[in-house]
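> Sharing a structure below in structure tokens format, with a few things to ask.
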Amino acid sequence: MTIYEFILAFVGGGALMVVFQMVREIVEKKSAKNVALQFLLLRYIRDYAAAPIQRGSISTEELKEWLEMHKTYKKLGGNGYADELKEKVTRLPLNLGEGGAK
């Protein structure tokens, strides 16, 4: 007997449908939250990459923070646009000065 068969036998079909509906709603809400987080993080990734790209260099701290954001974005299911930015950002020469600003 599977867990689903056990639950069905225990609570009956109607109650089981309510439970499945609740689970589906939770998953959809999490999915919507992930989409929102992806969008916000991508925007921040893009904006945070702009200054070093324009400057032509990146500080080690900026690079560390940027790579961490990229990693998190990818864990959320992010797409290839951030990967293109990663290529540009990681090719920048390191600016060993404070904060990366020149």
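> Go through the range 77-87 residue by residue and tally those that are loosely packed, with under 12 Cβ neighbours inside 10 Å and either among the basic types (Lys, Arg) or at negative phi (or both). Walk me through how you get there before you give the answer.
Quick first cut of the range 77-87, residues loosely packed, with under 12 Cβ neighbours inside 10 Å only: 77, 79-80, 84, 87.
Still in the list and also either among the basic types (Lys, Arg) or at negative phi (or both): 79-80, 84, 87.
Final tally of qualifying residues: 4.
> Take the residues in the range 65-101 that are assigned to a loop (DSSP other than H, G, I, E, B), among the small types (Gly, Ala, Ser) and more than 11 Å from Ile45 (Cβ to Cβ), then tell me which one is modelled with the lowest pLDDT. Walk me through it before giving the result.
Applying the first criterion (assigned to a loop (DSSP other than H, G, I, E, B)) to the range 65-101 yields 76-79, 92-93, 96-97, 101.
Filter once more, so that each one left must be among the small types (Gly, Ala, Ser): 77-78, 97, 101.
Next cut, more than 11 Å from Ile45 (Cβ to Cβ) only: 77, 97, 101.
On the way: Gly77: 82, Gly97: 66, Ala101: 47.
The extreme case among them is Ala101.
The values are calculated or read from the model by the stated rules, or taken from the named source; none is laboratory data. Because the structure is predicted, anything quoted here is derived from the model rather than measured. Cβ coordinates were reconstructed from backbone atoms using ideal geometry, including for glycine residues, and neighbour counts include every protein chain displayed.
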